[in-house]
1. Quick one: ranking SER83, SER229 by accessible area, 1.4 Å probe, largest first, what do you get?
2. How large is ³J(HN,Hα), in whole Hz, for each residue of the stretch 230-235 in order, when computed from phi with the Karplus curve 6.51 cos²θ - 1.76 cosθ + 1.60 and θ = phi - 60°, using x for Gly and Pro?
3. With Rg and the Kirkwood Rh both taken from Cα atoms, where does Rg over Rh land for the stretch 66-183?
4. Please give me, ordered by residue number, the GluC sites (Glu not before Pro) of the stretch 214-266 that lie in loop per DSSP and have at most 15 other Cβ atoms within 10 Å.
5. Please report the spacing between the Cα centers of the stretch 1-80 and the stretch 90-157 in Å, no decimals.
6. Using only Cα atoms, tell me the angle between helix 191-200 and the longest principal axis of the chain; keep it within 0 to 90° and round to the nearest 10.
7. Could you estimate the translational diffusion coefficient of the stretch 1-83 from the Stokes-Einstein equation, with Rh from the Kirkwood formula over C-alpha pairs, at 10 °C and 1.306 mPa s, in whole µm²/s?
8. Using modelled backbone amide H atoms (1.01 Å from N, in-plane), which distant-in-sequence or interchain residues come within less than 5 Å of CYS84's amide H?
Amino acid sequence: MSATGSPKRLTPRRIQAMKGGTPIVCLTAYTTPMARLLDRHCDLLLVGDSLGMVLYGMESTIGVTLDMMIAHGQAVMRGARRSCVVVDMPFGTYQETRELAYRNAVRILQETGCDAVKLEGGEEMAETIAFLVARGIPVMGHIGLMPQQVNTSGGYRSVGHSAEEAETIRRDAKAVSDAGVFSIVVEGTVEALAQNVTASLAVPTIGIGASVHCDGQILVCDDLLGLLSEFTPRFVKRYDELGARIDAAVEIYADEVRSRSFPSEDHVFKPRG
Ligand code: KIV
């Protein structure tokens, strides 16, 4: 418990210490009500830049801005009491120089109060990660399929199939881990490689489309709830069909409004006394 009586959120250090133990439960969250619902079940909530596609209908995450991430980070922090909250650094806010990355990471931490930032990249980002970590910024890595590189990598396809690609991912994992991340998201990566990378690292791997052998799992929450009607990737399990349930509920509402059966006597104000 904290001095205010609310349960303390899990810190990045405690997430790191969960390596090799009970799998770490992670989900994306973008809003206060969803953070409230997910918080007691999860160890870590990620304010992912996937919100560009999930909430804003963008084609990719490339158009997501720092201000958007900060606004949603603040919203999630209002709902999260025990989960470690990590906010994604969006495209263009950390790749140019380590100083730019530092300034933008500081904005995210100061303006949201979150616990850590996440950024995509392997060997090429290691120096930046080490710079941030040495200056007090907990960083989560993200290797394998990297959605912010969709324009140069040739799309959203699983990776690690060729020996050359597998070697790159192994090197990326080691570089990012050596740079000081507290955990690494491994996305869309061939099972045996994800297992091998997980076994080789001292920090936990959080898989998304990277098999059960990772130290934890993450999914886009809207995917697992069946809220997104578009294509469902192979690695997603839909635990509900909320999209269909919303459709059915709103159909009834629309019928009742048109037939004047809503609002009924129960829903109107009568003069007092
Ligand atoms: O942006 C995001 O939601 C992510 C997860 C899918 C790992 O990076």
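The values are calculated or read from the model by the stated rules, or taken from the named source; none is laboratory data. What you see is a predicted model; the values in this text were computed from it and never measured. Positions of Cβ are backbone-derived with ideal geometry, glycine not excepted, and every protein chain shown enters the neighbour counts. To get the accessible areas, we keep the full protein, side chains included, count just its heavy atoms, and leave off ligands, DNA and RNA. Shrake-Rupley method; radii C 1.70, N 1.55, O 1.52, S 1.80 Å.
1. My answer, sorted largest first, is SER229, SER83.
2. 6, 3, 9, x, 4, 7
3. Rounded to two decimals, Rg over Rh is 0.99.
4. Passing sites in the stretch 214-266 are GLU230, GLU241.
5. Comparing the Cα centres of the stretch 1-80 and the stretch 90-157, I get a distance of 16 Å.
6. 60 degrees
7. 116 µm²/s
8. Counting only residues 5 or more places away or on other chains, the set is LEU10, LEU44, LEU45.
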